[in-house]
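Inspection log for the structure reproduced underneath, given as structure tokens.
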Amino acid sequence: MATNRRNFIIKTSAGVAAAVVTVPAVATQPRLTEDDPIAIALGYKIDANDVDVTQYPKRAGAAGAAQFCSNCGLYQAQADGHGTCSAIPGKLVAGPGWCNAWIPQT
Ligand code: SF4
């Protein structure tokens, strides 16, 4: 029993260590550019005012105009007006930006 517990702890620790090594620190993550394939797929714009509301009617009208990355439920603010987005791991998105995956904060 003690051996099983020790083996579990050793394996779990190794897994955590591997995860820490493979995930880049938030501060070193690149910023998402509009020509990135995932940005194109999601209709991401660095400035939400540049969104074509004909193509993305979700951002039309008063309610749509109030949508920004900075108030999206998937956004976690970091430094310099940028933050992480759980829909786009490994890249920082602009707080004033927007994409079609926007959801309200809960
Ligand atoms: S999901 Fe939210 S935080 Fe991520 S890019 Fe789209 S609007 Fe911005």
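Every read-out reported here was derived from the displayed coordinates using simple, explicitly stated rules and does not represent laboratory data. For clarity, every value in this text was computed on a predicted model and none was experimentally measured. Ideal geometry is used to build each Cβ from the backbone, glycine not excepted, and the neighbour counts take in all protein chains shown.
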Tally Lys and Arg at +1 and Asp and Glu at -1 over the other residues with C-beta under 14 Å from the C-beta of Pro30: what net charge comes out? -2
So if we plug the beta-carbon distance of Asp47 and Asn71 into 1/(1 + (r/R0)^6) with R0 = 22 Å, what FRET efficiency do we get, rounded to 0.05? 0.90
Mind listing P(r) for segment 24-106? All alpha-carbon pairs, 10 Å bins, whole percents. 20, 56, 22, 2
